[in-house]
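The values are calculated or read from the model by the stated rules, or taken from the named source; none is laboratory data. Remember, predicted model here, so these are calculated numbers, not experimental data. Cβ coordinates were reconstructed from backbone atoms using ideal geometry, including for glycine residues, and neighbour counts include every protein chain displayed. The protein model used for the area step is the full one, side chains on, heavy atoms only, and it has no ligands, DNA or RNA in it. Shrake-Rupley method; radii C 1.70, N 1.55, O 1.52, S 1.80 Å.
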Amino acid sequence: MKKIIMQPSGKEIDCPSGETVLSVLEKQGYALPNNCRAGACGECKIKVLSGEFDQGFIMDMALSQEDREKGYGLMCMAKPTSDVLEIEFGTEDAQPKLFPPVENSWHIVTDKIQRTDKILELRLSPLGQPIRFWPGQYAMIGDEGSGHPLRPYSIANSPRPNGELSFLITNEPGGKTSPWIHEEVNIGDNIKINAPYGTFLGDPSVDTPILCLASGSGLAPILSLLNAYLSRGHRNPVTLLFSAKTKADLLDFGKLKYLESKYVNFKYKFTLTQESNNVGGLEGRIDKVLPQLLSDLSNHSVYIAGGVSFVDSCKKIVDKLGAKEELIHMEEYFAQQVQ
Ligand code: FES
């Protein structure tokens, strides 16, 4: 058994051999940002103060040569090889914030609903204890035994007492897991999931207007956050701008219109990028339409979720409109993540 020591708190955590630093931290309830869990995004970068670790195979763009020389590592892939690994992580008091993930939790598939050509909604109910999670987190779904690797899928609802979970799953051509869910998993099947993971979290105490930007199944974590904010009585304006190619891709249009009528502080806006708009929305990419809706984001909390290029272009425009770095939250779906 190896040991991880977090600084500045000095708190020690046991690390069974072969486990990554990220998974050990998560099991103790610590929120280390992460996105791809595969050494591709760089989100889980932290500084290693002493000790040795096996970094595994990571992409150069996720950790620069300069960062490697300064002692940084990507914790989603890093496995300690020395008895003690000392890392710079956490606060003085090292209080954990998240629910520790549960592995191999059996759920029954209660519904599969085709939402668009490529996206279906998968609904699961727990056969055991409901999984506790924060809105915005994700679950790992797959069946490794039959060649369908575990992949992260954001939970699309906020927590419910009966533990029901819903997911929006894009069928990625050539993928191994999403085609299995689309074509082989049936209503009534029992499947195992691991959850919760991720740090794309809302802050229930935040006292700012909220802007959410989403495309495709990036709407899933946004729906979870929106439901939580609105049902808990968040008073500031909340705006969702959803980007779709055509009107057939307007996911959950009815549900979002319903939320708009129910909550006076919620505005649902959408834009079509490949079709002229005759359904009452905007036209063009987010970088073109957002400045027409909100010209100053300096006091907004911003949540962005979708594919990598969507998130990158949204980040650029919200930066331009004055959003503060510490109030921008992003969830990027990497190709290997969504398969
Ligand atoms: S590089 Fe570790 S989570 Fe993406």
Of all the residues that make up segment 1-58, how many are more than 13 Å from the ligand (Cβ to nearest atom), within 27 Å of Val311 (Cβ to Cβ) and without any contact (Cβ under 8 Å) to a residue 60 or more places away in the chain?
1
When Ala228 is run through (1) over 17 Å from the mean Cα position of the chain (by Cα); (2) surrounded by fewer than 20 Cβ atoms within 10 Å (Cβ to Cβ), the failure sits at (1)
Scan (1) over 23 Å from Asp203 (Cα atoms); (2) open to solvent by less than 80 Å² (accessible area, probe 1.4 Å); (3) free of Cβ contacts under 8 Å to residues at least 40 places away in the same chain; (4) out of contact with any Gly (no Cβ under 7 Å at 6 or more places or on another chain) for the single condition Leu272 breaks and write down its number.
(4)
Residue satisfying condition, being of a type outside the set (Val, Ile, Thr), assigned to a strand (DSSP E or B) and open to solvent by 20 Å² or more (accessible area, probe 1.4 Å), within set Lys176, Lys192:
Lys192
Can you give me the number of residues within segment 88-107 that are in contact with an Asp or Glu (Cβ under 7 Å, 6 or more places away or on another chain) and either assigned to a strand (DSSP E or B) or farther than 30 Å from Leu165 by Cα (or both)?
0
Among the residues of segment 156-169 satisfying the criterion of being part of a loop (DSSP other than H, G, I, E, B) and within 17 Å of Asn104 (Cα to Cα), which is most open to solvent (accessible area, probe 1.4 Å)?
Glu164
Name the residues in segment 296-334 that are part of a helix (DSSP H, G or I) and among the basic types (Lys, Arg), would you?
Lys315, Lys316, Lys320
Please name all residue pairs, on different chains or six or more residues apart, with Cβ atoms under 7 Å, provided the first residue is in segment 154-173 and is closer than 15 Å to Asp252 by Cα and the second residue is part of a loop (DSSP other than H, G, I, E, B) and not charged (D, E, K, R).
Ile155/Phe133; Ile155/Gln137; Ser166/Ala156; Ser166/Asn157; Phe167/Ala156; Leu168/Ala156; Leu168/Leu251
Kindly indicate which of Gly90, Gly71 is farther than 30 Å from Pro130 by Cβ and touching a Leu at 6+ places or on another chain (Cβ under 9 Å).
Gly71
Determine whether segment 67-79 contains at least one residue that is surrounded by 14 or more Cβ atoms within 10 Å (Cβ to Cβ), near the ligand (Cβ under 10 Å from one of its atoms) and on the phi > 0 side of the Ramachandran plot.
no
List, please: which pairs have Cβ atoms under 9 Å, are six or more places apart or on different chains, and start with a residue in segment 305-320 that is of a type in the set (Lys, Arg) and end with one that is in a helix (DSSP H, G or I)?
Lys316/Asp287; Lys320/Asp287; Lys320/Pro291
Search result, residues across segment 111-123 that are in contact (Cβ under 8 Å) with a residue 24 or more places away in the chain and open to solvent by 60 Å² or more (accessible area, probe 1.4 Å)
Arg115, Asp117, Lys118, Arg123
Let me confirm something: among Asp93, Asp83, which residue is open to solvent by 80 Å² or more (accessible area, probe 1.4 Å), in contact with a strand residue (DSSP E or B) (Cβ under 8 Å, 6 or more places away or on another chain), more than 16 Å from the ligand (Cβ to nearest atom) and not polar (S, T, N, Q)?
Asp83
All but one of (1) at pLDDT below 95; (2) within 21 Å of the chain's Cα centre (by Cα) hold for Glu144; state the number of the condition that does not hold.
(2)
Going by the structure shown, is Thr110 of a type outside the set (Phe, Trp, Tyr) and assigned to a loop (DSSP other than H, G, I, E, B)?
no
